[in-house]
Amino acid sequence: MVFDLTEEQGMIQDMVRSFAQKEVLPKAAEMDETGRYPEELVRKMAELGLMGIAVPEDYGGAGMDNICYVIAMEEIARACASTAVILSVNNSLACDPILAFGNEEQKRRVLPPLASGRHLGCFGLTEPGAGSDSGAQKTTAVREGNHYVLNGTKNFITNAPQADTCILFAMTDKERKHKGITTFILNMKSNGVTVGKKENKMGINASATASIILEDVKVPVEDRLGNEGEGFKIAMHTLDGGRIGIAAQAVGIARASLEDALAYAKERKQFGQPIANFQAIQWMLADMATEIEAARLLTYRAAWQKDRNARHSKESSMAKLYASEAAMRASVKGIQIHGGYGYIKEYPAERHFRDAKITEIYEGTSEIQRLVISQALLKG
Amino acid sequence: MRFELTGEQDQIREMVRSLARKEFAPKAAEIDEKSRYPEENLKRLAELGLLGMLIPESHGGSDAGAVAYAIALAEVAGGCASTGVGMAVANMAGEAIYRFGSEEQKRRFLPLLVSGTEAGAFALTEPSAGSDAFGISTVAVPDGDTYVLKGSKSFITNGSRAGVAIVMAVTQKEPKKRISAFLVESETRGISHGKPENKMGLRGSNTVSLSFDDCRVPKRNLLGEEGEGFRIAMKTLDGGRVGIASQSIGIARAAIEAAISYARERRQFGNPIADFQAIQWMIADSATELDAAWLLTLRAAYRKDTGNPFTREASVAKVFASEAGYRACHRAVQIFGGYGYMREYPVERHLRDIKVTSIYEGTSEIQRTVIARDLLGQGHR
C-alpha cells in the first residue's frame, strides 16, 4: 500500500489546479447562466494534453496513467463541472474504447485527432427507450456491401452538438438481444446525421446535451469498432472507465461545496461570532471532508485497478456510487451552511447542488451501480 | 499510489485470517454469552508476535508496522471482537511505552506485554472526564522517591487483568494544569478495582473502574517527562483510533459475510432473498462503505508508518469506519429478519459489539471536532 502521489501525478495536480483556478473558475458562473459551450477552455485543455490523458503518446495522447486522469478531472470539476464532463466524455467514452477495441488502423486514424483535442468525441448509447436497460437498443445497423446503414435516435448525448466523432451503438441482430449490438465510429458529418436541439437542463449547463437522429446513415465497414455483436461488451467496458471519471467529477464538485462553505463559515458572523465556531456547522464541514476523502480514495483505487488492466467493474461502481451520493450530500450541506445566501445565484453553492445531481444519474444511475456491486458480491 | 498489500502484509493477513476463523470465531458466541475473558486467544496472538506489532525486534516486538497491524486487527476482530480489543490495548500500551519510555522501562515492561504474560491498560477516562479528557482530577503528588496518586478512573479496558496500566494524573494545577503519565503496576498498594461493567457488547473484554487511594508509584515509573502526559495520551490515541477503525471494519465484514451467505440460502416468495433488490441494495451499500472505510484506515496507518502527521486522517478513519460499520451490522440484522434478532445467529452480537467503536477512544463527536478544527486551521498540526 502506498498512498503518496508519484512525481508525475503531483505535477499534473499542480498544473491542472493552477489552470482550473485561474482560467476556468472565474468563468463558471457565467457559463452556467448562459449555457455557453467553453470552446476556448476546451482548446486550452487540449494544449495541456488533457483531452487524451491516458492515451499513449504514439496515438496523440499524453501517455499518463488513469490516476493522473482522475486528478485532472477533480481539479477541473472543482472549478466547473460542465467543463469537466466535456473532458471526461472525450477521454473515457471516446478515446478509451478505440484504444481498447480498435484495430491498429483505427487507432492511427481516429485516435490522434481525438486525443490531441483537434476533434471532440461523444458516446451514443442511450435512447428514449433504453436508459438503464441499455441492451434494449432500437437503433439498427444493416450491412449492405461495404457499408452499414444506420437508423434510429439517441438521446441525452453529451457533446453531441460539438462532436466530430461518435462511438455509436446499434442493433445488427435483434434476435440476439444485447448480444446483437455492434459499435461504430461515426463521423458526425455523415449524411443523414441530425443533432436535435440542446436540452434545457437543471445543471452542467455549459455542457451541451442533445439527441442524435440517424436516417439511413452510411457507415463504412472499416469504421465498425470490434466485431459484430461485441457492442454491449464494449459499452460496459467503456462505462467501467467512464464511471471513474464521473466519480472524480463528483469529488471535484463536493470539494467545491466544501471549500466555498468553509470560506463562508469563517467570515459569516451570527450571535456575535463566526458561524464556524458552532458545532452544528463544524459537524457538517467534518462530514463533508470525511466523505470526500473516502470518495477520492475509492476513485483512485478504481483508476489504479484500470491501470493494471485488472477487473474493476465493482470498484468503478463503488467509486461512482459513493462519490456521486457524497457530492449530493455535500452540496446540500454547502447550501445549508450559506443559509439564505446559499439559495441565491450570487453564490456558487446552489450551482454545485444542481451540478452534483447529474452524477447520480448519468453513466449508470446509482441504482445500476448498486446492481453491479451486489451482483459481484452475490455471484462472486 | 499503489493499492496492493506487500507480500509480507499479505502473509500476515492470511495467517491471522486463518487463526481468527478457525480458532476464534467458533468460540466467540460462548465468550460473549459467558462474558469470559479470552485468555487463550491472547496467548495465541502473543505466540505469533501479534501483541507487539508496533515495537522493534530489539525490544521483543515484530515491528510489522501500522498497516500490517490494521490488517491483523481487522481479521482478529472479525473472529472475536473482544479478543480484538485485547490485542488493540496490548499493542497500544506497548507502543506508548516504547515511544515515550526510558530504556529501563522498556526492558522492564515490554517483554511482559509482548509475550502476553501481562495485559496492559490505558487509564485516562474518569467518571467526570470522558470527551473532556483534559478535565481529569486524579492527582499525583511527588513525595520523596514516589508520586502519590489519588483519584479514580472509569471504563478501563483490561483494568483488573493488567499487570501494568498507563495512568494519567494531574501533577500541576496552577498556574497551568499539567498532566503526567505513570506506569502503575497492579500489585502497587492502594489500587483497587470495581466489579466488571455489565456491557451491551464486547462482553469478553474486561472493563472496570480503578481507584487510587494514596497509591505510591516510584518516580522511575513516570512515563516521559513530568507534564508530558496529555501529549502522550493524545499521540497514543491517534494510533489507537486507527486500531479502532480496523476493529470496526473487521466486525462489520463478518456481519456482511454472514448476511451474504444467509441471503443466498433464505428463500421467500419462491426465490432466494438475494434476488430481491431491497436486499441487494443493502449489501451494495454496506460493501461500498466498508471499502471506503478500509482505504481511509490504511491511509492513516500508512501515514503513521511513513512518519507523517496523521491525527486528522486517524479521526477521519475512525468516525467513518465506526459509523459505516455500525450501519453494515444493522443492515445485516435486517437481512436476517427475525433470525437476526436471535442469539443463535452472530449478527446481533456484531451489532452490539460494534456500537462501542463510535464511542471509545474518542466519540464520533470528538472525531468530528478534530476534523473540523483541522479544516478551520485551528488544529495542532
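Readers should treat all values here as calculations from the given coordinates under stated rules, not as data from a laboratory. All of these numbers come straight from a predicted model, not from anything done at the bench. Here the Cβ positions follow ideal geometry from the backbone for every residue, glycine too, while neighbour counts run over all protein chains shown.
At a glance:
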{"quantity": "Cα extents of the protein assembly as shown along the three principal axes, largest first (Å)", "calculated": "99, 60, 45"}
{"quantity": "222 nm mean residue ellipticity, helices alone, for chain B (DSSP H n ≥ 4; -39,500 (n - 2.57); rounded to 500)", "calculated": "-17000 deg cm²/dmol"}
{"quantity": "Cα centre as origin, Lys/Arg/Asp/Glu Cβ charges: chain A dipole, Debye", "calculated": "700 debye"}
{"quantity": "Global form of region B:7-117, assessed from the alpha-carbon gyration tensor, a/c cut-off 1.5", "calculated": "oblate"}
{"quantity": "Nearest-ten-degree value, helix A:313-338 long axis tilted from longest Cα axis of chain A", "calculated": "40 degrees"}
{"quantity": "Normalised per residue, the volume of the convex hull around the Cα set of chain B (Å³)", "calculated": "137 Å³"}
{"quantity": "Average projection area in nm² (convex hull over Cα atoms of region B:121-227, one quarter of hull surface)", "calculated": "6.8 nm²"}
{"quantity": "Chain A: most fluctuating residue of A:280, A:294, A:327 per GNM, C-alpha cutoff 10 Å", "calculated": "A:280"}
{"quantity": "Residue among B:171, B:297, B:83 with the largest mean-square fluctuation in a Gaussian network model of chain B, springs linking Cα atoms under 10 Å", "calculated": "B:171"}
{"quantity": "Taking the convex hull of Cα positions in chain A, its mean projected area over all directions (nm²)", "calculated": "19.0 nm²"}
{"quantity": "Span from the region A:175-251 Cα centroid across to the region B:148-205 one, whole angstrom", "calculated": "66 Å"}
{"quantity": "Long-range amide H partners of residue A:203 with built H, under 5 Å", "calculated": "none"}
{"quantity": "Efficiency of FRET between residue B:5 and residue A:216 - r from beta-carbon atoms, R0 45 angstrom, step 0.05", "calculated": "0.20"}
{"quantity": "Total charge dipole magnitude, region B:7-117, about the Cα centre, Cβ charges on Lys, Arg, Asp, Glu only, Debye to nearest 20", "calculated": "180 debye"}
{"quantity": "Rounded tilt (10° steps) of A:104-116 against the dominant C-alpha axis of chain A", "calculated": "30 degrees"}
{"quantity": "Calculated [θ] (222 nm, deg cm²/dmol) that DSSP helices of n ≥ 4 give over chain A, each run adding -39,500 (n - 2.57)", "calculated": "-16500 deg cm²/dmol"}
{"quantity": "Principal-axis tilt of helix B:277-305 within chain B, Cα atoms, nearest 10 degrees", "calculated": "30 degrees"}
{"quantity": "Inverse of mean 1/r across different Cα pairs in region B:226-366, Kirkwood, Å", "calculated": "15.9 Å"}
{"quantity": "For B:275-285, mean number of other protein chain Cβ atoms within 10 Å", "calculated": "5"}
{"quantity": "Flagged links, alpha-carbon separation over 26 Å, of B:219/B:304; A:198/A:314; A:44/A:107; B:22/B:43; A:107/A:198; A:197/A:218", "calculated": "B:219/B:304; A:198/A:314; A:107/A:198"}
{"quantity": "Solution diffusion estimate, µm²/s, Stokes-Einstein, region A:7-115, Kirkwood Rh from C-alpha pairs, 25 °C, viscosity 0.890 mPa s", "calculated": "175 µm²/s"}
{"quantity": "Amide H contacts of residue B:126 (H built 1.01 Å from N, under 5 Å, at least 5 apart or other chain)", "calculated": "B:154"}
{"quantity": "Cα centroid separation, region B:240-299 to region A:69-107 (Å)", "calculated": "32 Å"}
{"quantity": "Residue of B:218, B:175, B:26 that the Gaussian network model of chain B assigns the largest fluctuation, springs spanning Cα pairs under 10 Å", "calculated": "B:175"}
{"quantity": "Among A:281, A:369, A:264 the positive-end extreme of the charge dipole of region A:233-379 (Cβ point charges)", "calculated": "A:369"}
{"quantity": "Fully extended contour minus Cα-Cα distance, from residue B:264 to residue B:43, at 0.36 nm per residue", "calculated": "75.9 nm"}
{"quantity": "Backbone N within region A:165-196 under 13 Å of label point (7 Å from residue A:142 Cα along the Cβ vector)", "calculated": "A:172-174"}
{"quantity": "Simple spin-label estimate for residue B:115 and residue B:276 in nanometres, 7 Å along Cα-Cβ", "calculated": "5.7 nm"}
{"quantity": "Residue B:57 paired with residue A:7, simple spin-label distance in nm, labels 7 Å along Cα-to-beta-carbon", "calculated": "3.2 nm"}
{"quantity": "Pair-distance profile P(r), taking every C-alpha pair of region B:143-182, with 5 angstrom steps and integer %", "calculated": "6, 18, 24, 26, 15, 9, 3, 0"}
{"quantity": "Residues whose placed amide H lies under 5 Å from that of residue A:156, excluding near-sequence neighbours", "calculated": "A:210, A:211"}
{"quantity": "Hull shadow area, averaged, region A:290-380 [alpha-carbon convex hull, nm²]", "calculated": "6.6 nm²"}
{"quantity": "Dipole magnitude of region B:104-161, debye to nearest 20 (Cβ charges: Lys/Arg +1, Asp/Glu -1, about Cα centre)", "calculated": "220 debye"}
{"quantity": "Estimated inter-spin distance, residue A:277 and residue B:29, nm [label 7 Å along Cα→Cβ]", "calculated": "5.6 nm"}
{"quantity": "Length released on extending from residue B:234 to residue B:213, taking residue separation times 0.36 nm less the Cα-Cα span", "calculated": "5.0 nm"}
{"quantity": "Distance-filtered residues of region A:1-44 - backbone nitrogen under 16 Å, label point 7 angstrom along residue A:263 Cα→Cβ", "calculated": "A:17-30"}
{"quantity": "Per-residue HN-Hα couplings for region B:185-198 [Karplus 6.51, -1.76, 1.60; θ = phi - 60°; Hz; x = Gly/Pro]", "calculated": "7, 5, 8, 4, 5, x, 8, 9, 10, x, 7, x, 5, 8"}
{"quantity": "Calculated on alpha-carbon atoms, Rg and Dmax of region A:121-231 in Å", "calculated": "13.3, 44"}
